[in-house]
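Shown next, in structure tokens, is the structure this report addresses.
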Amino acid sequence: MAKYLLKRLAYIIVSLFFIITITFFLMQAAPGGPFASEKKLTPALEEQMNEAYGLNDPLYEQYFNYLVNAFTFDFGPSFKYVGQDVIEIITRSFPYSLILGIESILIALSIGVLLGVIAAVKHNKFGDYTAMVIAVLGISVPSFIMATVLQYIFAIKLGALPVARFESFAHTILPAIALATTPLAFIARLMRSSMLDVLNSDYIKTAKSKGLGQRVVTYKHGLRNAILPVVSYLGPLVVSILTGSFIIESIFGIPGLGSEFVVSVTNRDYTVIMGTTVFFSVLLLVSILLVDLLYGLVDPRIKVAGKGGK
Amino acid sequence: MSKLLEVKDLSIAFDTYGGEVQAVRGVTFDLDEKETLAIVGESGSGKSVTAQSLMRLVPMPPGKFAGGSIVFNEEDLVEKSDKQMEGIRGKDISMIFQDPMTSLNPTMPIGKQISEGLIKHQNMSKKAAHNRGIELLKLVGIPNPERRIDQYPHEYSGGMRQRAMIAIALACNPKILIADEPTTALDVTIQAQILDLMRDVQEETGTAIILITHDLGVVANAANRVAVMYGGKIVETGNVNEIFYNPKHPYTWGLLSSMPKIDGDDEELLAIPGSPPDLADPPKGCPFAARCPYAMKVCENHMPEYTHLSETQQTACWLLDERAPDVEAPESAMVGGTKVHE
Amino acid sequence: MALPQLKDSDFEPLQINDEEAEKIAGESTSYWKDAWRRFRKNKLALFGIVMIVLLGIMSFIGGPISGHNYFDNDLLNANKSPSGEHWFGTDNLGRDIFARTWYGAKISLFIGLMAALIDLVIGIIWGSIAGYFGGKVDEYMMRVADVLYGVPYLLVVILLMVILPQGLWTLIIAMTITGWINMARIVRGQVMQLRSEEYVMASRSLGASNTRLLFKHLVPNTMGPILVTLTLTIPNAIFTEAFLSFLGLGVPAPLASWGTMSSDALQSLQYYPFQLFFPAFFICLTMLAFNVIGDGMRDALDPKERK
Ligand SMILES: Nc1ncnc2c1ncn2[C@@H]1O[C@H](COP(=O)(O)OP(=O)(O)OP(=O)(O)O)[C@@H](O)[C@H]1O
Ligand code: SF4
Ligand SMILES: [Mg+2]
């Protein structure tokens with residue numbers, strides 16, 4: 001187990017190294033220096049700033065410094081918000097995104113699995129069609145459109161829920177639903193087809209041949225096996241929630257990491273862009289590791305312990 | 001003496017995109033206590049559908065009963081509700097499937113899969129069922145059952161899984177054990193072991209067995225009576241000796257010819273040319289007509305009826321009509337060196 | 001038992017007609033005909049096709065029939081609700097939303113199609129080289145693809161859009177730079193399958209000649225998943241474009257896409273919801289149409305996959 005974890009951690013570090021390197025050079029390739037934007041600085045001032053931010057050092061030195069600092073989560077100061085470090089921005093905004101993300105993951109998982117199971121159990125019947133219509137709509141309506149529609153109906157027209165910001169649980173409902181829509185639909189379809197496969201499998205016949213009731217067969221034997229593809233989907237699910245948060249947080253005025261990222265993109269605030277990108281990557285790599293560990297728990301055939309198992 | 005199980009005129013069809021597939025078309029057979037009936041026939045002849053319908057395990061829809069009855073304990077299983085069937089499945093009739101790799105739940109320990117039936121049908125406590133599970137694993141020859149019982153299927157080899165499957169099927173001492181190609185997915189030495197095991201178990205518990213296979217070698221070693229299926233119909237039935245030494249149906253001849261002989265050189269494996277009929281549009285006459293080397297004009301349009309050749313042997317073939325030319329079974333269908341059990 | 005109407009002549013041997021036997025054995029209508037028959041039964045997928053055709057037509061004639069073009073400002077007529085003059089109303093610069101919607105259709109569909117095509121070309125080249133040579137070549141090529149695949153797609157696209165100059169083609173390039181991987185994996189899988197001896201043997205034993213076999217059984221069978229992936233790439237690209245537009249990284253003005261139109265309308269959602277409604281509606285409709293076509297194709301091309 002420890003060996004396996006070490007191997008995975010090493011893999012994460014190597015991946016991070018690549019990601020940091022690539023983002024660093026991508027940002028170097030960006031048009032114009034970080035201070036070359038709107039506000040015209042005097043050449044002297046710009047020079048002074050460049051000096052202060054170490055932009056006059058040779059490239060390899062900048063890269064090396066960045067690399068070393070990045071591993072201690074020190075991404076330097078923001079170019080646009082004077083006096084703020086990137087890591088401060090991240091630690092300030094991430095909790096919002098985390099709460100929102102967990103909420104929408106829970107929504108997507110619970111409702112998605114439920115819809116998928118209903119569809120599979122009521123295969124080719126009304127329940128199936130309803131669930132699949134919901135799912136195909138969910139896939140076709142992009143989260144940002146869902147967000148605006150929800151916002152318009154429930155906040156602006158009905159006034160039932162707050163329009164924006166993040167002050168109470170009520171504030172999180174609309175954005176969490178909007179964020180959950182697409183993954184929810186995916187999970188529902190995934191769950192349906194996997195459940196259908198499982199329900200047609202030999203071991204379900206075996207279970208039935210023992211005289212077990214329909215319910216025991218479906219839920220005790222079916223569900224545990226059918227849920228495996230959904231567990232594998234948790235990685236992409238985190239990605240989807242994360243990228244979705246860029247827009248959803250902006251639309252709902254939530255001061256989370258997603259909207260900070262968007263702001264940094266529009267401001268070309270390169271250190272923040274790089275910092276958040278690296279942070280996102282860490283987040284994803286770690287969640288993928290967690291998902292793999294979880295998978296090992298759910299599927300006895302996968303031995304995470306590393307002896308033989310894949 | 002009344003029979004343990006009587007299947008009459010059973011027909012089962014499936015609704016598919018390509019139209020209605022008539023998988024089983026009027027099958028009649030019966031089963032005595034403690035005997036082993038083999039159902040043989042090539043792939044797609046409807047053996048599994050027949051077997052699964054006895055336990056009402058054919059998925060419906062797309063499947064449906066198109067007629068006939070399955071009488072067990074003087075009751076017609078076709079008429080039973082799903083709830084009522086649950087009381088029969090696993091308790092009175094149980095089943096072993098072809099592929100032990102896929103027929104056990106991969107995410108549930110073997111022991112739990114055995115005890116489920118016991119808890120349901122015999123009101124056993126978890127503890128008692130667990131202990132009985134260990135006994136059953138011992139019975140089917142799994143070494144170290146105390147340790148093995150808590151393992152998952154992937155920790156078992158193919159042969160051991162099939163043994164575990166048999167343990168599950170036998171858990172509640174069923175009156176009928178249906179084994180759908182229990183050895184097809186296993187390699188030869190394991191096959192023999194599993195068949196031996198089934199015979200031992202039968203001696204010990206007195207279950208009647210319906211053994212489905214397309215391997216006549218297996219039949220010779222394990223069965224008392226044989227039903228030969230083709231194109232959704234039983235074309236010939238008889239006891240083992242009749243089927244092996246006095247077969248009358250050209251399809252049975254074909255099957256016997258395609259069986260490896262102990263003394264013959266294995267070059268002489270005669271496969272039956274052609275492929276089985278499309279059951280979505282079954283032939284009007286004899287299902288074998290398109291491939292039968294002896295086919296006559298009548299065969300195409302008229303289904304032959306059964307000729308009772310003896311108390312036990314019945315054959316559906318126009319060759320047995322007195323107007324038909326005399327035809328002898330080909331040399332290759334002579335059993336020769338094959339050992340017939342009993 | 002004898003049936004009275006039977007004559008002795010009925011008991012003469014039957015001439016077994018080999019072709020006949022073959023026909024009975026496996027009524028195999030052609031793969032595509034079969035697939036089309038199944039597809040046609042799928043009402044939802046047919047609806048999708050009709051919608052796409054209509055959208056395609058409207059993207060060309062929509063502007064002209066409205067009597068407006070997509071870029072004329074008319075500040076005096078800004079933010080007008082739908083009317084006889086402006087069927088979908090006007091936006092905050094007084095531009096006709098009807099004309100812009102169909103112009104946007106052209107841009108969005110173009111982006112979707114181009115992204116799908118480029119993915120297809122790169123994916124086919126990469127995937128078939130990997131699949132054809134197999135072994136080490138395959139391993140390294142797929143390892144590269146795996147690494148790229150691990151990076152979140154949208155994040156990459158956003159980073160690229162940050163450093164690249166804005167423009168229609170930049171957008172397409174940014175989207176395809178990692179977008180082809182999925183296609184490459186599918187193609188590789190299919191090529192591997194094509195190569196696999198067993199697969200070829202299985203059909204050969206049915207007694208078909210080699211070239212006929214290749215084109216009648218093998219190629220169609222491998223084309224299926226590729227076509228489905230291709231179809232599903234299009235809505236994905238349209239989605240990505242709209243997503244980027246929301247971040248201000250979409251096609252630059254004066255070009256209009258549904259994404260930029262929705263994003264522009266967002267500011268005044270409270271007062272002029274119709275400005276958002278039309279482009280948003282068509283984004284959803286198009287994605288829906290392509291999704292149901294893709295699903296329909298998957299079900300039709302792969303009959304094993306559920307009923
Ligand atoms: N769920 C189903 N839907 C449609 N057709 C089916 C279904 N199950 C079985 N069939 C059809 O019924 C026919 C008989 O199948 P069956 O499985 O009984 O054959 P078999 O004799 O057991 O063959 P094998 O030796 O391959 O197991 C086949 O033509 C098959 O296509
Ligand atoms: S009935 Fe005719 S076709 Fe059928 S097996 Fe007998 S001879 Fe052959
Ligand atoms: Mg079978």
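Annotations for the structure displayed:
- Odd one out for B:L319, checked against (1) within 8 Å of another protein chain (Cβ to nearest Cβ); (2) at pLDDT 80 or above: (1)
- Test result for B:V219, within 16 Å of ligand 3 (Cβ to nearest atom) and of a type in the set (V, I, T): yes
- In the condition set (1) over 23 Å from the mean Cα position of the chain (by Cα); (2) within 9 Å of chain A (Cβ to nearest Cβ), C:N291 is compliant with all but (1).
- Criterion applied to A:V117, A:V86, A:V68 was being out of contact with any Cys (no Cβ under 6 Å at 6 or more places or on another chain), surrounded by fewer than 18 Cβ atoms within 10 Å (Cβ to Cβ) and among the hydrophobic types (A, V, I, L, M, F, W, C), and the one residue passing it is A:V68.
- Lone qualifier among A:T206, A:T218 - being surrounded by fewer than 24 Cβ atoms within 10 Å (Cβ to Cβ) and of a type in the set (S, T, Y): A:T218
- Taken residue by residue, the range B:20-37 has no member that is in a loop (DSSP other than H, G, I, E, B), within 14 Å of ligand 1 (Cβ to nearest atom) and on the phi < 0 side of the Ramachandran plot.
- Enumerated helices (runs of 4 or more DSSP H) restricted to the range A:186-275, each holding at least 2 residues that are in contact with an Asp or Glu (Cβ under 9 Å, 6 or more places away or on another chain) and within 14 Å of chain B (Cβ to nearest Cβ): A:202-209, A:228-251
- Contacts under 6 angstrom Cβ, first residue in the range C:252-269 being over 17 Å from A:I156 (Cα atoms), partner of a type in the set (S, T, Y), 6 or more apart: C:A256/C:Y70; C:A256/C:Y103; C:S257/C:S108; C:W258/C:S108; C:G259/C:S245; C:T260/C:S245; C:S263/C:S245
- Answer residue from the range B:13-33, given it is more than 16 Å from ligand 3 (Cβ to nearest atom) and within 14 Å of another protein chain (Cβ to nearest Cβ) and is least open to solvent (accessible area, probe 1.4 Å) among those: B:G19
- Some residue of the range B:179-187 being of a type in the set (A, V, I, L, M), out of contact with any strand residue (DSSP E or B) (no Cβ under 8 Å at 6 or more places or on another chain) and either open to solvent by 10 Å² or more (accessible area, probe 1.4 Å) or within 16 Å of ligand 2 (Cβ to nearest atom) (or both): yes
- Of all residues in the range C:99-110 being without any contact (Cβ under 8 Å) to a residue 60 or more places away in the chain and not aliphatic (A, V, I, L, M), the one that is least open to solvent (accessible area, probe 1.4 Å): C:W102
A quick yes/no check of all residues on (1) open to solvent by 10 Å² or more (accessible area, probe 1.4 Å); (2) hydroxyl-bearing (S, T, Y); (3) within 16 Å of ligand 3 (Cβ to nearest atom); (4) within 28 Å of B:N241 (Cβ to Cβ):
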{"residue": "B:E35", "(1), (2), (3), (4)": "yes, no, no, yes"}
{"residue": "B:S43", "(1), (2), (3), (4)": "yes, yes, yes, yes"}
{"residue": "B:R56", "(1), (2), (3), (4)": "yes, no, no, no"}
{"residue": "B:P61", "(1), (2), (3), (4)": "yes, no, no, no"}
{"residue": "B:G68", "(1), (2), (3), (4)": "yes, no, no, no"}
{"residue": "B:V71", "(1), (2), (3), (4)": "yes, no, no, yes"}
{"residue": "B:D92", "(1), (2), (3), (4)": "yes, no, no, no"}
{"residue": "B:P109", "(1), (2), (3), (4)": "yes, no, no, no"}
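- Counting only residues that are assigned to a loop (DSSP other than H, G, I, E, B) and at the interface with chain C (Cβ under 7 Å from one of its Cβ atoms), the range B:292-316 holds 3 of them.
The values are calculated or read from the model by the stated rules, or taken from the named source; none is laboratory data. The structure presented is a predicted model; accordingly, all values stated were derived computationally and were not measured. Positions of Cβ are generated from backbone atoms using ideal geometry, with glycine treated the same way; all protein chains shown enter the neighbour counts. Heads up: the accessible areas ignore ligands, DNA and RNA and are worked out on the full protein's heavy atoms, side chains in. Shrake-Rupley method; radii C 1.70, N 1.55, O 1.52, S 1.80 Å.
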